[in-house]
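Below: one structure, written as structure tokens.
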Amino acid sequence: ISLKNLTLSPLNVRKVKTSPEEDSQLRALIESQGVLQNLIVIPSPDAEGHYEVIAGGRRLNALNHLLAEGKIDAEFPVRCVVKTENYRSDMHPADRFIAYKAMLDAGRSIEDIAKRFGKPVTEVRKLLKLGAVSPVILDAFRAQEMNFDMVMAFTVSDDQKAQESIFTEIKEQ
């Protein structure tokens, strides 16, 4: 896929930035040897023929840096694996919330998010309410210490300290 047709997906999970030295080393490696590991992409819902990188964001960033320096052009071919379904399956609701929230923060509408995941708008809105829930409760949910309905009960209050206090009481019982 041509570099010009690739953008970073809000679903890309890497959030911790690497050091400038690591980024420089990656750029040098790509410049001398090319991209050795495929980028994992999904079709973009915004533009036909364009793709969003869900795995390989550092490599995409390095390629864009090389483009800006004039070392490669926008037509530079990038080896990619196109995923259309696998990234959607078996995602935990707490992880779906993180993906939905990232897309919302990136400027996507709730309707766009629902369309992207093939979910009803009401389900997306419900999952976005998880944003008011304490990370302690989300961790317990991920660990299967509580079910979805129990977690949603905590969304009636935005006070995370109060949520954690109630959670502690319930857990002790």
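Couple of notes before you dig in:
- Residue-level analysis places A153 outside the set of residues that are surrounded by 12 or more Cβ atoms within 10 Å (Cβ to Cβ), within 16 Å of the chain's Cα centre (by Cα) and part of a helix (DSSP H, G or I).
- All positions within region 160-169 that are of a type outside the set (F, W, Y) and surrounded by 13 or more Cβ atoms within 10 Å (Cβ to Cβ): Q160, Q163, E164, I166
- Selection within region 128-150 - among the acidic types (D, E) and over 19 Å from the mean Cα position of the chain (by Cα): E145, D149
Here, each number is a calculation from the coordinates, and none is a lab measurement. The structure presented is a predicted model; accordingly, all values stated were derived computationally and were not measured. All Cβ positions, glycine included, derive from the backbone under ideal geometry; neighbour counts span all protein chains shown.
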